[in-house]
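For reference, the structure is listed below as structure tokens.
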Number of protein chains: 2
Amino acid sequence: MRKRPWPLGEVYRLLEPGPVVLLTTARGGKANVMALSWQTMLDFEPPLVALVLGDRDWSYGLLRATRECAINVPTAELARAVVGAGNCSGRDVDKFARFGLTPAPASVVRAPLIAECCASLEARVVDARLARRYGLFVVEVVAAWADARAAHPRTLHHRGRGVFMVAGREIRLPSKMR
Amino acid sequence: MRKRPWPLGEVYRLLEPGPVVLLTTARGGKANVMALSWQTMLDFEPPLVALVLGDRDWSYGLLRATRECAINVPTAELARAVVGAGNCSGRDVDKFARFGLTPAPASVVRAPLIAECCASLEARVVDARLARRYGLFVVEVVAAWADARAAHPRTLHHRGRGVFMVAGREIRLPSKMR
């Protein structure tokens, strides 16, 4: 499905519900992808996101070195690829090829977008002060892309040990909150 | 429903799927509650959580001053209370009384637990270095409580502007991940 630009001020609507994301990084012409559940929005606009990686993750070194990544939001059809990507390392495996994920060029960063994901956010590291202690990187989303599914996506939400909650129905209540 | 102790090493299973939480704080015998979506796990055990508050939130000052809180996980039946708590300030309103939430004593911290929530985590601030810049507090969960609903809770996940995704079905895939 074709992705179109998504307003930066609405990026929080993609990440705030807590989906597992596929984080892509690239260095020296080689790209990697990891599954990541530990993320939160930090600010609306420009959109700032906190990403938490383990220092043994292959992507940790790539993110520290390149300070660029893409945050891709997978939907339920990609559950096998998400679990697969979470259970092996980019040190050993080309995860794109193994899990049938298609890298697509980003507009600003060198990390690829994942064509099959409903949304892809290009991001740059703006604060790595808590990287050593907690693996926490503050990134700023500099470009955002989403397809028609992103308005009501069937996202995956990890409950631990391979159990995922799939996004259910929506309810709407009167609210002044953003 | 009666809450029992929940293992600290399994706390991530409550927060990792990205639910809206109700954050309680207390000072001088007065308690407050706010709705908060911007949170992520930082470590499994001891469980560390990043909480992001706005510096205009009444709870921000309470958390900075007391360095204690409880993170309560509401389920879908509490949607009106969640939205209500998110749309007014503890400066003006006793939100417990207004939204029918019952404060219950915690075991370690002075902030109250919310009886109606399926899980309640007592937590202490361990790092406020990013509080001024991003409103981010690192807290350590020091006691955790959950009732029978917490294994498969119908949590609320904010999609912005009063739209909440209600946790849907679960799928399970073979995984070595925690």
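In nanometers and ordered shortest first, the copy-to-copy spacing of the B:Val166 label point, defined 7 Å from Cα toward Cβ, is 1.8.
Taken one residue at a time, the phi angles of region B:157-164 give Karplus couplings (6.51, -1.76, 1.60, θ = phi - 60°) of 10, 6, 10, x, 6, x, 8, 10 Hz. Gly and Pro are set to x.
The figure for B:Ile171 is an accessible area of roughly 40 square angstrom, using a 1.4 Å probe on the protein chains alone. Distances between copies of B:Arg27, taken at a point 7 Å out from Cα along the Cα→Cβ vector and listed shortest first: 4.4 nm.
Counting only protein heavy atoms and using a 1.4 Å probe, what share of the accessible area of the protein assembly as shown belongs to carbon plus sulfur, as a whole percent? Carbon plus sulfur share of accessible area: 50 percent.
Evaluating 6.51 cos²θ - 1.76 cosθ + 1.60 at θ = phi - 60° for every residue in region A:109-122, the Karplus couplings come out as 9, 7, 5, x, 8, 9, 4, 6, 7, 6, 8, 9, 10, 7 Hz, glycine and proline recorded as x. If you run the Gaussian network model on chain B, springs between alpha carbon atoms under 10 Å, then out of B:Val73, B:Val52, B:Val21 the most flexible one is B:Val52. Summed over both chains, the accessible area lost when B and A associate is about 5500 Å², using a 1.4 Å probe.
In percent, rounded to a whole number, the relative contact order of chain B is 26, using alpha-carbon pairs under 8 Å and six or more apart.
Using a 7 Å projection from Cα along Cα-to-Cβ, the label point at B:Thr102 is separated from the same position in the remaining copies by 5.5 nm, smallest value first.
Sequence-ordered 3J(HN,Hα) estimates for region A:14-21 from the Karplus curve with 6.51, -1.76 and 1.60 and θ = phi - 60° stand at 7, 9, 4, x, x, x, 4, 10 Hz, glycine and proline given as x.
Note on A:Thr102 and A:Lys30: with the Förster distance fixed at 22 Å, the Cβ-Cβ geometry gives a FRET efficiency of about 0.90. The residues of region B:8-166 expose on average 36 square angstrom of accessible surface per residue, using a 1.4 Å probe on protein heavy atoms. On the basis of the beta-carbon distance and an R0 of 56 Å, B:Arg2 and A:Ala148 show a calculated FRET efficiency of 0.80. Secondary structure note: in region B:40-170, about 100% of the DSSP beta bridges are antiparallel.
Can you tell me which lysines have their Cα less than 24 Å from the Cα of A:Lys30? Leave out same-chain residues fewer than eight positions away. Cα-Cα hits under 24 Å: A:Lys3, A:Lys95. The rotation axis taking chain B to chain A passes closest to the C-beta of one chain B residue; that residue and the distance in whole Å read B:Gly18, 0.
The values are calculated or read from the model by the stated rules, or taken from the named source; none is laboratory data. Predicted model only: the values in this text are computed from it and were never measured. All Cβ positions, even for glycine, are placed from backbone atoms using ideal geometry, and neighbour counts span all protein chains on display. Just so you know, the surface numbers come from the protein's heavy atoms only, side chains and all, with ligands and any DNA or RNA stripped out. Shrake-Rupley method; radii C 1.70, N 1.55, O 1.52, S 1.80 Å.
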